[in-house]
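Okay, structure first, notes after.
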């Protein structure tokens with residue numbers, strides 16, 4: 001295992017994002033269509049926050065519908081904005097942060113994804129799943 005491997009090697013580079021003005025129905029659709037659990041929230045190229053699928057579940061019954069069903073009662077979603085639900089105080093890393101440093105951050109915090117930001121621009125996202133897959137590749 002390489003000790004100084006940069007996170008840029010394991011991060012997701014094609015990041016699905018939400019605009020801070022999008023609604024929570026759009027967010028739920030992106031989570032389900034792309035089978036993801038974390039979406040950075042941006043305003044232009046600036047990252048404003050991170051929305052997790054768990055954040056949506058806290059305010060709704062989003063996962064209580066059948067897998068193939070697309071109609072969801074969105075009344076609750078209309079009561080909140082993305083900015084009200086997303087995490088705002090983000091821990092961010094840059095693309096040269098080592099995989100080990102990312103693992104240390106994620107192991108000590110209560111979240112499972114970190115935005116990767118270079119010069120104020122979102123360039124990727126790294127999740128605990130990315131870390132696990134990296135470790136599995138080492139064996």
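The values are calculated or read from the model by the stated rules, or taken from the named source; none is laboratory data. All of these numbers come straight from a predicted model, not from anything done at the bench. Backbone-built Cβ (ideal geometry, glycine too); neighbour counts: all protein chains shown.
Name the residue that is surrounded by the most Cβ atoms within 10 Å (Cβ to Cβ), counting only residues in the stretch 112-128 that are outside any strand (DSSP E or B) and free of Cβ contacts under 8 Å to residues at least 40 places away in the same chain. Filtering the stretch 112-128 for residues that are outside any strand (DSSP E or B) and free of Cβ contacts under 8 Å to residues at least 40 places away in the same chain, the one surrounded by the most Cβ atoms within 10 Å (Cβ to Cβ) comes out as 128. If the condition is being assigned to a strand (DSSP E or B) and over 16 Å from residue 126 (Cβ atoms), then the stretch 4-27 contributes 18, 19.
Table: residues versus (1) in contact with a strand residue (DSSP E or B) (Cβ under 8 Å, 6 or more places away or on another chain); (2) buried (at least 17 other Cβ atoms within 10 Å of the Cβ); (3) modelled with pLDDT of 95 or more; (4) within 24 Å of residue 131 (Cα to Cα).
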site: 3; (1), (2), (3), (4): yes, no, no, yes
site: 14; (1), (2), (3), (4): no, no, no, yes
site: 18; (1), (2), (3), (4): yes, yes, yes, yes
site: 28; (1), (2), (3), (4): no, yes, no, no
site: 54; (1), (2), (3), (4): no, no, no, yes
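Count of the stretch 56-81 residues, restricted to those that are closer than 24 Å to residue 112 by Cβ and either surrounded by fewer than 15 Cβ atoms within 10 Å (Cβ to Cβ) or at pLDDT 75 or above (or both), is 14. Which one is nearest to residue 83 (Cα to Cα) among residues in the stretch 28-54 that are assigned to a helix (DSSP H, G or I) and over 11 Å from the mean Cα position of the chain (by Cα)? Looking at the filtered set, the residue picked out is 28.
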